[in-house]
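Single-structure report; data block below.
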Amino acid sequence: MAITVPSDPWHYPRPELAEKYLKIFDIGLIAAQGLFAKRRMGKSEFLEQDLLPAARAQGYLTSYVNLWDARRHPAPALVAALTLAIEPKGMAKLLRTLNTPLKRVKASAKVTGLAEGTLEAELADDPKITGPRLSQLLRSFNKPGKRLLLVLDEAQVLADPRHTDLAHSLRAGLDSRKENIKVVFAGSSEPTLRRMFGRSSEPFYNWAPLEPFDLLGPEFVKAMVAKVKRLSRFALPLSEALAAYEALNATPEFFRRYLNRYLTHAELGSAAALQDTLDHVLSDANFLPVFARLLPADQAVLKLLANGESDLFSEVARRRLGAAVGAGQPVTKSTSQNALKRLQEADLIVKLEHGQYQLQDDALAEWLRHRKLDA
C-alpha cells in the first residue's frame, strides 16, 4: 500500500542519500543499518520524506514508527505500524483487539499512514496479544519476492531493560528473514545505540553497523536562501544565513524558525531574526515547567551535567551537589544515584559507559547553561 506523506514546500530533498542506503541493502551484505544524529537535525524528515518514498518506488512495502513517542509501550505501536504496511484492511480489527483495555493518554505514537499520522491512544501492551501478532506479521515475509523496509526511529528505546522481551522477539523474527526485511535503526542517543549493537548481552548485539547520519551543511542553507529570494523582495544574504546556521549549531529545525521570522519581519534584517530565534530556543516556556517539577537534587544534577560534569559520584561533584541543595557537605553516593535514576526514568538523561551521564536534549543543556537558576 503506497502511503503518501504530505508535501512540505520547505523540505530539502536528498535522493542521493536515500539511494545510497537502498543500494547497500541491494548488495546483500547487510540487512540492517544503524544511524545516529542528535535531535532536530533532519533525520526523521529524511527517513519519512526521502528514504521511504524511494523504497516504495523500488517495490518495497514500508513501515515507519517513532518509538520515542511510544517509549513506555512500544510493542503495540510497532505491531500497528507493521499491520498498516502489510494488512491495511486489518487495522480496524487490530485496534479492536489491542484496545482492551484502552488507556487514553496525551502522548501519541507516531505511525506513518494513520489518520493525522498518530495513534491517538496508547494501546494496551499485553504480551499475550502483541507477541504472537508480531511473529505472525513477520512470518508473512517468508514468501520470496515480498520485501519490507522497516524504519525504527529513536530505536534506542529498544535498549531499555523494560523492553528486553520485545527486543529479543523482534530480533528472532528478523533473523531468519534478512533477505526480505531490511531495517533502519535510527536514533538520537549515540551511546545507547552503541551499547545496543556493541554489547554481547544486548538482544541486537552485532546486528547492524552503526554510523553517523549525514548532516545538512552549506548546500542546505543555499537552497533555503534561494527559496527566500523567490518569496520575498528582501533577499537574504547567503553570508548572513550561513552565519545564522552556525549560530544555531547547524540545527535545521531552528534554522527554519529563523527563516520564518525573517520572511515575516524581513525589514528588521537577519540579525533580528536570529536573535528572536535564539530567544525562542532558550525560552523558559520550553523548559522551566519540566525543570520546576524536579526535586532540588535532580535539578542540581541536571545543572552539573549541562556544565560538563559527567561523573556525579566523585568527591568534587558530590560536594557541589551538597552546596546546591544546602546540605553544607558532600551528598552521599546514594543521593546521586537516586537522582540519576529519577532523571533517567523521566527520559532527561542517558547513561554512557563507565558510569558517565549526559542530557538527552542539547537545547535543554544550552538553556541550563544560559539561564540563571537558583540552586
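If I filter segment 1-12 down to residues being out of contact with any helix residue (DSSP H, G or I) (no Cβ under 6 Å at 6 or more places or on another chain) and surrounded by fewer than 14 Cβ atoms within 10 Å (Cβ to Cβ), which single residue comes out as modelled with the highest pLDDT?
10
Among the residues of segment 63-109, which ones are at pLDDT 55 or above and not in a helix (DSSP H, G or I)?
63, 64, 65, 66, 71, 72, 73, 87
Check whether at least one residue in segment 342-350 is buried (at least 16 other Cβ atoms within 10 Å of the Cβ) and at pLDDT below 85, and report yes or no.
yes
Output the qualifying pairs, or none if there are none: Cβ atoms under 9 angstrom, residues six or more apart or on different chains, first residue in segment 165-186 and within 18 Å of residue 34 (Cβ to Cβ) and open to solvent by 50 Å² or more (accessible area, probe 1.4 Å), second residue assigned to a strand (DSSP E or B) and modelled with pLDDT of 95 or more.
Listed pairs, sorted by first residue: 178/32.
Within the group 247, 300, 285, which residue is under 24 Å from residue 44 (Cα atoms) and either more than 20 Å from the chain's Cα centre (by Cα) or at pLDDT 95 or above (or both)?
247
Within segment 254-265, can one find any residue that is under 26 Å from residue 40 (Cα atoms), among the polar types (S, T, N, Q) and open to solvent by 60 Å² or more (accessible area, probe 1.4 Å)?
yes
Kindly indicate whether residue 310 is open to solvent by less than 70 Å² (accessible area, probe 1.4 Å), within 26 Å of residue 199 (Cβ to Cβ), in contact with a helix residue (DSSP H, G or I) (Cβ under 9 Å, 6 or more places away or on another chain) and not in a helix (DSSP H, G or I).
Answer is yes for this residue.
Examine segment 220-229 for a residue that is aromatic (Phe, Trp, Tyr) and either in a helix (DSSP H, G or I) or at pLDDT 95 or above (or both), and state whether such a residue exists.
Yes, segment 220-229 contains at least one residue that is aromatic (Phe, Trp, Tyr) and either in a helix (DSSP H, G or I) or at pLDDT 95 or above (or both).
Hey, among the residues in segment 313-331 that are within 21 Å of residue 354 (Cα to Cα) and β-branched (Val, Ile, Thr), which one's surrounded by the fewest Cβ atoms within 10 Å (Cβ to Cβ)?
Among them, the one singled out is 316.
Can you tell me which of 262, 357 is at pLDDT below 90 and hydroxyl-bearing (Ser, Thr, Tyr)?
Sole residue among the options that is at pLDDT below 90 and hydroxyl-bearing (Ser, Thr, Tyr): 357.
The values are calculated or read from the model by the stated rules, or taken from the named source; none is laboratory data. Treat the numbers as computed from the prediction; the structure is a model and nothing was measured. Note: ideal-geometry Cβ built from the backbone for every residue, glycine included; neighbour counts use all protein chains shown. Keep in mind that these areas ignore ligands, DNA and RNA; they rest on the heavy atoms of the full protein, side chains included. Shrake-Rupley method; radii C 1.70, N 1.55, O 1.52, S 1.80 Å.
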